[in-house]
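What follows is calculated from the coordinates using simple rules that are stated; it is not laboratory data. Small disclaimer: the values here were computed from a predicted structure and weren't measured. Backbone-built Cβ (ideal geometry, glycine too); neighbour counts: all protein chains shown.
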Amino acid sequence: MFSRVALTLTLLLVLPLRPLAAAEDLPPKISDPNFWRMIEDYSEPNGYFRFENFLSNESSFQQVIPTLKEKTRPGGVYLGVGPEQNFTYIAALRPRIAFVIDIRRQNMLEHLMYKAIFELSDARTDFVSLLFSRKRPAGVNNRSSAEDLFLAYGKAQPDQELFDQNERAIMDNLVQHHHFALSTDDQNGIKYVYKTFFNAGPSLDYGIGGGFGGSMPTYADLMVETDGQGQHQSYLASDKNFRILKRLEENNLLIPVVGDFAGPRAIREIGRYLHAHDAPVTAFYLSNVERYLFEDASAWRKFFVNVAILPYDSNSQFIRSVLNGAGFLRPSRRFGFGSVSLLCPIADLMKAFSDGRIHYYEDVIDMSN
């Protein structure tokens, strides 16, 4: 069996990566042209997923944060998938740079929408107002808790005039201020996502258009969740958390990329960039993507081949979400309907892969806690 070193060297020989430049520090800011070039150069063609995923449906995802903070250090690299749940993990881990990789181009466009809203907002109260196009209610301010913030905005009425004004401001930020080369389809895609947020408001949930019958947590629900130890960790739970995201967005250090985890480009190009900057991955949030990769005999192997190219160390962690009722968790680890979030050292999983000990989805779950 190959060791990790032998496997990685073999992969670097066969995969179409350009030679690595001499290592240098991660930049404190990425220019607008380079930010857009990274999106274009690292992205793969738009792919398909059965749901639109405007927001997360993982109500327990904060519960790994206390352990994550114990196992990792700030100032590293964050990788993730999906929409806003990444913001909460980023606020907790405080990386120097973050990449979000998702098979759907719409997810990349949603992140650009968020980028504009972060940049246009001076505080959390402004952010929630912009996100849902509701006028700021009386009585909320920068010291308001997430519960008070969303209780107030949940009662606020949608404002069409404010929506039209905000939509123009978002597009002006992206096209006129940053000069991102968004196509007409891309701009329409951002407007479609923003309209969905406007129509649903803080009651937006994963089931929008998906027929889940209202069984999913709403945006407001997710923002007021705790980490299992009574601490509110969402990115809108405090001004401090909000400003961590705002700083990254303003410096173009949260980069959304279109890519299949098993694809030929996105993860590999990010790996090349991180190697060039001698920057190991702190955490890679997978959600439950592996579940779908293991439905294909080759896709999950391609994914772990891609991961082997990423720089990581003994502290680097996978974060995965596992459905409770699907038989993937041992009965002693299940707690009811929904999902549970688990951690697994990337190095341990990759050694098991290179040793030939990974065959089924249950194998990666059994390595997670």
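With a cut-off of 8 Å between alpha carbons and a minimum separation of six or more residues, what is the relative contact order of the range 220-285 in percent? Show your work: numbers first, answer last.
Numbers: 30 pairs, mean separation 8.3, N = 66.
Computed over the range 220-285, the figure is 13 percent.
Where does each of Arg105, Arg37, Arg50 land when they are ranked from fewest to most other beta-carbon atoms within 10 angstrom? Show your work: numbers first, answer last.
Values: Arg105 18, Arg37 13, Arg50 7.
Final ranking by Cβ density, sparse to dense: Arg50, Arg37, Arg105.
Hey, in the GNM for the chain with a 10 angstrom Cα cutoff, which one of Ala297, Ala200, Ala352 fluctuates hardest?
Ala297
Ranked by Cβ crowding within 10 angstrom, fewest neighbours first, how are Val305, Val100 ordered?
Details: Val305 20, Val100 23.
Fewest-to-most Cβ neighbours within 10 Å comes out as Val305, Val100.
Let me spell out the model: positive unit charges on the Cβ of Lys and Arg, negative unit charges on the Cβ of Asp and Glu, origin at the Cα centre of the chain. What dipole size does that give, in debye rounded to 20?
Values: 38 positive and 43 negative charges, 121 e Å.
Dipole magnitude for the chain comes out near 580 debye.
DSSP beta bridges in the chain, what fraction antiparallel, as a percent rounded to 5? Mind showing how you got there, number by number?
Details: 9 of 26 bridges.
Of all bridge pairs located within the chain, approximately 35 percent are antiparallel.
Using the count of nearby Cβ atoms within 10 Å as a rough guide to exposure, how do Thr72, Thr88 rank from fewest to most?
Values: Thr72 21, Thr88 26.
The order, fewest Cβ neighbours first, is Thr72, Thr88.
Given the pairs Lys135/Lys240; Lys191/Lys240; Lys71/Lys240; Lys115/Lys302; Lys115/Lys195, which are separated by over 25 angstrom at their Cα positions?
On the way: Lys135/Lys240 23 Å; Lys191/Lys240 29 Å; Lys71/Lys240 21 Å; Lys115/Lys302 31 Å; Lys115/Lys195 16 Å.
From the list (Lys135/Lys240; Lys191/Lys240; Lys71/Lys240; Lys115/Lys302; Lys115/Lys195), the Cα-Cα distance tops 25 Å for Lys191/Lys240; Lys115/Lys302.
Where does helix 146-155 land angle-wise versus the long Cα axis of the chain, in degrees 0 to 90, nearest 10?
For 146-155 against the chain, the angle is about 50 degrees.
Specify which labelled value, from (i) 36; (ii) 24; (iii) 42, agrees with percent of Cα pairs over 34 Å apart derived from the coordinates of the model shown.
Calculated percent of Cα pairs over 34 Å apart: the matching label is (ii).
By how many degrees, 0 to 90 and rounded to 10, does the Cα axis of helix 266-276 deviate from the longest principal axis of the chain?
Approximately 80 degrees, to the nearest 10.
Using the Karplus curve 6.51 cos²θ - 1.76 cosθ + 1.60 with θ = phi - 60°, work out ³J(HN,Hα) for each residue of the range 77-94 in order, rounded to whole Hz, and write x for Gly and Pro.
10, 10, 10, x, 9, x, x, 6, 4, 4, 4, 5, 5, 5, 4, 6, 8, 6
Count the net charge of all other residues whose Cβ sits under 12 Å from the Cβ of Phe118, scoring Lys and Arg as +1 and Asp and Glu as -1. Walk me through the numbers on the way to the answer.
Working: positive: Lys115, Arg124, Arg243, Lys246, Arg247; negative: Glu84, Glu119, Asp122, Asp126, Glu249, Glu250.
Net of charged neighbours comes to -1.
Collect residues whose amide H, placed 1.01 Å from N in the peptide plane, falls under 5 Å from the amide H of Ala283; neighbours closer than 5 in sequence don't count.
It is Val77, Leu79, Gln317, by chain and number.
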